[in-house]
Amino acid sequence: MKSISKHFDAARHVSGLSQFLDDMSVPEGTLHAAVFYAKMAHGHIKRLNTAPALAHTGVHAVLTAQDIRGENQIGGIIPDEPLLAESDVHFWGQPIAVVVAETAALAREAAHLIECDIEPLPVITDPRQAAREGKLIMPARTVETGNVDAVWAECDIVIEDKAESGGQEHLYLETQGAFAIPTEGGGVRIVSSTQGPTAVQRAAAKVLGIPMHLIEVDVLRLGGGFGGKEDQATPWAIMAAMAALRLNRAVKLVLPRQEDMRMTGKRHPYSSDFKIGLTKDGKILALEATFYQDAGAAADLSPAVLDRTLFHCTNSYFIPNVRATGISCRTNVPPNTAFRGFGGPQGMFLVEAAIYRAAEIMGIEPHVIQRTNLLRDGDTFPYGQVTERCQAERTWNEAEQTFELASSQKRVAEFNAINTLHKKGIAVMPICFGISFTNTMMNQASALVHIYSDGSVSISTGAVEMGQGVNTKIAQTAMSIFGLPEHCVKVQTTNTSRAANTSPTAASAGADLNGKATEIACTALRERLLSLARTELACSEGDSLTFSEEKVWKNGAETNLSWNALVQTAFFQRIKLSEQAQYATPRIHFDKATMKGHPFAYHVYGTAIIEVTVDCLRGTYEVENVQVVHDFGQSFNRTVDLGQAEGGIMQGIGWMTMEEVLYAENGRLLTDALSTYKIPDINAAPKQIDVRFLDNSENPMGIMNSKAVGEPPFMYGIGAYFALMNALKASRPDKRFLLKAPMSPERVLTALYEPIAVAVA
Ligand code: MTE
Ligand code: LUZ
Ligand code: MOS
């Protein structure tokens with residue numbers, strides 16, 4: 001099989017022919033919905049008058065909590081989130097009512113006419129304050145190994161400090177949206193832009209008060225999700241469905257960008273304390289961390305996000321004594337949610353901050369400590385899993401050699417010695433990311449494969465295409481098993497009637513889980529067809545048959561039995577040409593009571609070297625280059641994988657540098673437009689990104705020996721923060737800068753010119 005290296009959607013995307021939710025042709029008479037939401041972050045609803053909106057031109061209905069037939073509850077992990085506010089509001093932007101009208105513009109106009117008096121209550125936007133007031137999502141969780149308390153006395157150096165990382169807006173190009181159409185018998189068909197069609201179906205059943213089998217959820221493809229549509233595509237889908245059932249009309253609801261930014265949650269900001277203990281040679285003996293996670297006003301996925309923070313707070317290092325405690329804090333901002341890395345980046349930022357500070361105080365380079373403590377095979381993670389096929393040292397060594405780290409460091413030092421207005425910084429960022437949902441139950445997927453009588457193949461799985469190329473990888477899996485070219489295989493839309501009880505496409509595991517299910521189904525079909533071919537070709541015992549180039553091959557030679565003819569024969573002989581298969585990741589388990597187990601199928605490793613230049617007059621900076629050796633396993637689509645790595649790196653750099661989510665003290669989002677929320681554009685892109693594929697990495701736990709790639713490269717972006725810290729240090733060696741991300745140009749400038757050291761004791 002020739003190896004393929006392209007994204008199967010590429011041509012349609014660039015020619016504008018790909019269909020997204022908003023491109024769907026909708027039936028005549030489709031109504032449009034708009035959401036009326038709280039303009040107060042915390043308060044008691046005294047009066048709600050929807051009559052003026054209902055009286056507005058073209059308005060068909062205004063729905064509130066009163067109109068909910070089932071339960072007003074959308075919380076997936078903890079039932080603490082109403083679809084529409086009842087007596088109280090808990091964040092600025094919380095949905096209160098849905099206006100349905102002839103056009104979206106009329107619906108929005110009418111929404112402005114709704115009268116709502118809210119008696120204000122105190123607003124909390126700081127997770128530490130929430131913790132002090134006992135406003136927690138759930139009791140604190142701790143992952144612990146060794147004996148932290150006993151080991152501080154053995155350390156040569158013990159350092160305590162604080163590290164903070166900010167939120168991040170998903171900024172998927174396609175905003176949240178859904179389309180719903182009533183079906184006979186009181187059911188509804190929902191087209192949703194969601195990563196989790198089953199999550200939508202399950203929550204809709206609960207809120208609408210109808211069984212799941214009356215709800216069909218279909219997903220075309222997403223214009224990006226990045227975790228923002230893992231759980232938070234659900235409310236809009238239910239609202240559209242509610243309106244459709246109520247009015248017996250098709251209803252479409254697409255959020256305008258600003259409303260999307262105001263109403264949906266983002267990456268969790270964290271404020272954390274750490275204590276790190278080392279020997280004088282830089283061996284880390286102990287790490288203690290307390291994470292204050294800003295969950296926002298409801299749990300959403302925060303408990304799961306917190307678990308991953310705790311799991312990844314030792315990054316790719318072996319630390320024998322660890323106590324990591326996570327406190328999920330209830331604040332009055334929109335419920336924060338999944339975002340590429342899912343709490344992992346926040347955990348990894350903490351240990352990198354601790355190492356940076358330790359190195360600074362010890363007067364050595366951070367990479368010396370990083371290198372000294374890298375994981376090796378047989379090391380045990382604090383959560384109990386033992387390292388296998390560890391690539392931490394290999395990727396580090398290859399990056400160091402391939403990209404000549406020592407000479408780059410020398411060049412940077414020489415540059416800094418002769419320049420005052422510009423300073424360069426360089427940092428190394430190793431990563432280690434666990435692949436599997438941390439909730440073991442979620443690691444399952446199914447596939448339904450049909451071979452039609454004309455030989456064409458149709459595949460349905462639970463995977464949602466959001467640009468990451470999962471459909472390409474699933475198609476490639478089938479193509480390689482059947483020996484068929486691209487045009488013979490079609491990956492269908494994701495649909496709950498064809499793939500039931502699916503996990504969201506998330507945790508970077510979409511291709512692994514759904515690809516493996518596809519592999520099982522296709523292999524069964526292949527065996528069945530090959531046994532028919534043996535009869536057709538009158539094979540004897542020792543003959544071996546395979547499929548290639550739309551033909552059956554016998555003992556390595558082409559026969560004149562074509563794929564199409566074989567399928568035809570199978571059909572005439574009434575041989576089953578469909579297969580449904582399930583895949584459940586083997587080996588994994590986790591005990592929540594002890595916080596120990598083997599939660600991940602495997603880990604992804606890699607090492608990045610990042611170099612930046614700071615303009616010390618203006619506080620602006622440029623990322624010069626990002627040089628990476630990344631463990632893709634045996635990549636079977638280098639173009640897709642490289643795209644994932646580069647995109648992830650950019651998004652990670654954005655989180656660590658220029659993207660800053662700001663709420664006013666009253667809980668209103670200040671950065672609710674692209675004029676106030678800056679994401680990296682082409683000018684902010686590194687001048688050079690050089691991603692090398694680690695060779696000889698096998699991964700039987702991944703699809704076709706590959707490794708999941710969606711999230712891990714995001715965390716290389718953390719290196720940009722520390723490269724900037726190093727450049728600042730070159731400018732003001734006397735100072736100890738706060739460990740607070742993002743390192744926006746504004747922060748760089750103030751840090752450089754603060755008259756008093758922005759120091760910590
Ligand atoms: N790439 C694109 N283009 N668009 C996306 O929305 N989401 C990321 C990553 N890469 C995303 C993306 C996230 S958060 C995850 S979990 C994975 O893709 C999900 O897809 P996979 O499991 O198929 O890798
Ligand atoms: N979603 C989830 C995720 O529900 N569980 C996870 O462990 C996870 N990890 C990464 C991204 N999304
Ligand atoms: Mo990704 S945060 O798992 O959707």
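The values are calculated or read from the model by the stated rules, or taken from the named source; none is laboratory data. Please read these numbers as outputs of a predicted model, since none were measured by experiment. A quick note on method: Cβ atoms are made from the backbone with ideal geometry, for glycine too, and the neighbour counts reach across all protein chains shown. Note: accessible area is taken over every heavy atom of the protein model, side chains too, but ligands, DNA and RNA are not part of it. Shrake-Rupley method; radii C 1.70, N 1.55, O 1.52, S 1.80 Å.
Identify, by number, the condition in (1) open to solvent by 10 Å² or more (accessible area, probe 1.4 Å); (2) closer than 30 Å to residue 233 by Cβ; (3) of a type in the set (Gly, Ala, Ser); (4) in contact with a strand residue (DSSP E or B) (Cβ under 6 Å, 6 or more places away or on another chain) that residue 180 doesn't meet.
Result: residue 180 fails condition (1) only.
Quick test of your reading of the structure: residue 67 fulfils all but one of (1) charged (D, E, K, R); (2) out of contact with any Asp or Glu (no Cβ under 8 Å at 6 or more places or on another chain); (3) open to solvent by less than 90 Å² (accessible area, probe 1.4 Å); (4) more than 29 Å from residue 249 (Cβ to Cβ). Name the failing condition by number.
Checking residue 67 against (1) charged (D, E, K, R); (2) out of contact with any Asp or Glu (no Cβ under 8 Å at 6 or more places or on another chain); (3) open to solvent by less than 90 Å² (accessible area, probe 1.4 Å); (4) more than 29 Å from residue 249 (Cβ to Cβ), the one that fails is (4).
Among the residues of segment 520-539, is there at least one that is outside any loop (DSSP other than H, G, I, E, B) and within 16 Å of ligand 1 (Cβ to nearest atom)?
Checked segment 520-539: no residue is outside any loop (DSSP other than H, G, I, E, B) and within 16 Å of ligand 1 (Cβ to nearest atom).
Step by step: first the residues of segment 411-459, then only those that are assigned to a loop (DSSP other than H, G, I, E, B) and farther than 30 Å from residue 591 by Cβ, then the one that is nearest to ligand 1 (Cβ to nearest atom). Which residue is that?
Ranking the qualifying residues of segment 411-459, first place goes to 456.
Taking residue 629 and the conditions (1) away from ligand 3 (no atom under 16 Å from the Cβ); (2) out of contact with any Asp or Glu (no Cβ under 6 Å at 6 or more places or on another chain), which numbered condition does it fall short on, given that it satisfies the others?
(2)
With touching a Leu at 6+ places or on another chain (Cβ under 7 Å) and at positive phi as the only criterion, which of 343, 347 stands out?
343
Can you pull out the residues in segment 470-479 that are closer than 19 Å to residue 197 by Cβ and either near ligand 1 (Cβ under 7 Å from one of its atoms) or open to solvent by less than 10 Å² (accessible area, probe 1.4 Å) (or both)?
470, 474
Considering only segment 337-348, state which residues are out of contact with any Gly (no Cβ under 7 Å at 6 or more places or on another chain) and part of a loop (DSSP other than H, G, I, E, B).
341, 343
Looking at 371, 308, which is the one that is away from ligand 1 (no atom under 16 Å from the Cβ) and either of a type in the set (D, E, K, R) or out of contact with any helix residue (DSSP H, G or I) (no Cβ under 6 Å at 6 or more places or on another chain) (or both)?
None of the other options fit; the residue is 371.
Kindly indicate which of 679, 689 is closer than 30 Å to residue 40 by Cα and touching a residue at least 40 places away in the same chain (Cβ under 8 Å).
Testing whether each residue is closer than 30 Å to residue 40 by Cα and touching a residue at least 40 places away in the same chain (Cβ under 8 Å) leaves just 679.
Go through (1) farther than 29 Å from residue 402 by Cα; (2) open to solvent by less than 20 Å² (accessible area, probe 1.4 Å); (3) touching a residue at least 24 places away in the same chain (Cβ under 8 Å) one by one and return the number of the condition residue 722 breaks.
Just one mismatch for residue 722, condition (1).
How about segment 595-662: which strands (runs of 3 or more DSSP E) wholly inside it have at least 3 residues that are open to solvent by 20 Å² or more (accessible area, probe 1.4 Å)?
Passing ranges, in order: 621-630.
With the condition kept exactly as written, say whether any residue in segment 490-503 is surrounded by fewer than 24 Cβ atoms within 10 Å (Cβ to Cβ), under 19 Å from residue 584 (Cβ atoms) and within 16 Å of ligand 2 (Cβ to nearest atom).
Checking segment 490-503: at least one residue is surrounded by fewer than 24 Cβ atoms within 10 Å (Cβ to Cβ), under 19 Å from residue 584 (Cβ atoms) and within 16 Å of ligand 2 (Cβ to nearest atom).
All but one of (1) of a type outside the set (Ser, Thr, Tyr); (2) in contact with a Phe, Trp or Tyr (Cβ under 7 Å, 6 or more places away or on another chain); (3) buried (at least 24 other Cβ atoms within 10 Å of the Cβ) hold for residue 486; state the number of the condition that does not hold.
Condition not satisfied by residue 486: (3).
Name the residue that is nearest to residue 707 (Cα to Cα), counting only residues in segment 506-524 that are open to solvent by less than 70 Å² (accessible area, probe 1.4 Å) and out of contact with any helix residue (DSSP H, G or I) (no Cβ under 8 Å at 6 or more places or on another chain). Walk me through how you get there before you give the answer.
Taking segment 506-524 and keeping what is open to solvent by less than 70 Å² (accessible area, probe 1.4 Å), we get 506-519, 521-524.
So of that shortlist, the ones also out of contact with any helix residue (DSSP H, G or I) (no Cβ under 8 Å at 6 or more places or on another chain) come out as 506, 509, 513, 517, 521, 524.
Working: 506: 14, 509: 9, 513: 12, 517: 16, 521: 21, 524: 24 Å.
Checking each candidate, the answer is 509.
What number of residues within segment 183-204 satisfy the criterion of being more than 15 Å from residue 240 (Cα to Cα) and open to solvent by less than 20 Å² (accessible area, probe 1.4 Å)?
Residues in segment 183-204 being more than 15 Å from residue 240 (Cα to Cα) and open to solvent by less than 20 Å² (accessible area, probe 1.4 Å): 3 in total.
Listed residues 154, 109; which is over 30 Å from residue 592 (Cα atoms) and assigned by TED's automatic domain parsing to the domain that holds residue 88?
Going through 154, 109 in turn, the sole match is 109.
Find all pairs meeting these conditions: Cβ atoms under 7 angstrom apart; at least six residues apart or on different chains; first residue within segment 469-490 and acidic (Asp, Glu); second residue surrounded by fewer than 23 Cβ atoms within 10 Å (Cβ to Cβ) and in a loop (DSSP other than H, G, I, E, B).
Sorted first by the residue in segment 469-490, then by its partner, the pairs are 486/8.
Which number in (1) without any contact (Cβ under 8 Å) to a residue 40 or more places away in the chain; (2) farther than 30 Å from residue 342 by Cα marks the one condition that residue 397 misses?
The single condition residue 397 does not satisfy is (2).
Do we find that residue 544 is at pLDDT 95 or above, more than 16 Å from ligand 2 (Cβ to nearest atom) and either open to solvent by 60 Å² or more (accessible area, probe 1.4 Å) or under 41 Å from the mean Cα position of the chain (by Cα) (or both) in this structure?
Answer is yes for this residue.
Could you please give the count of residues in segment 692-709 that are open to solvent by less than 20 Å² (accessible area, probe 1.4 Å) and within 16 Å of ligand 1 (Cβ to nearest atom)?
7
Could you tell me which of the residues 131, 105, 150 is open to solvent by 20 Å² or more (accessible area, probe 1.4 Å), closer than 30 Å to residue 722 by Cβ and in a helix (DSSP H, G or I)?
Answer to the selection: 131.
Testing residue 351 on (1) of a type in the set (Val, Ile, Thr); (2) part of a loop (DSSP other than H, G, I, E, B); (3) open to solvent by less than 10 Å² (accessible area, probe 1.4 Å), one condition comes back false. Which one is that?
Of everything listed in (1) of a type in the set (Val, Ile, Thr); (2) part of a loop (DSSP other than H, G, I, E, B); (3) open to solvent by less than 10 Å² (accessible area, probe 1.4 Å), residue 351 misses just condition (2).
Checking residue 173 against (1) within 17 Å of residue 255 (Cα to Cα); (2) open to solvent by 30 Å² or more (accessible area, probe 1.4 Å); (3) within 16 Å of ligand 2 (Cβ to nearest atom), which test does it fail?
(3)
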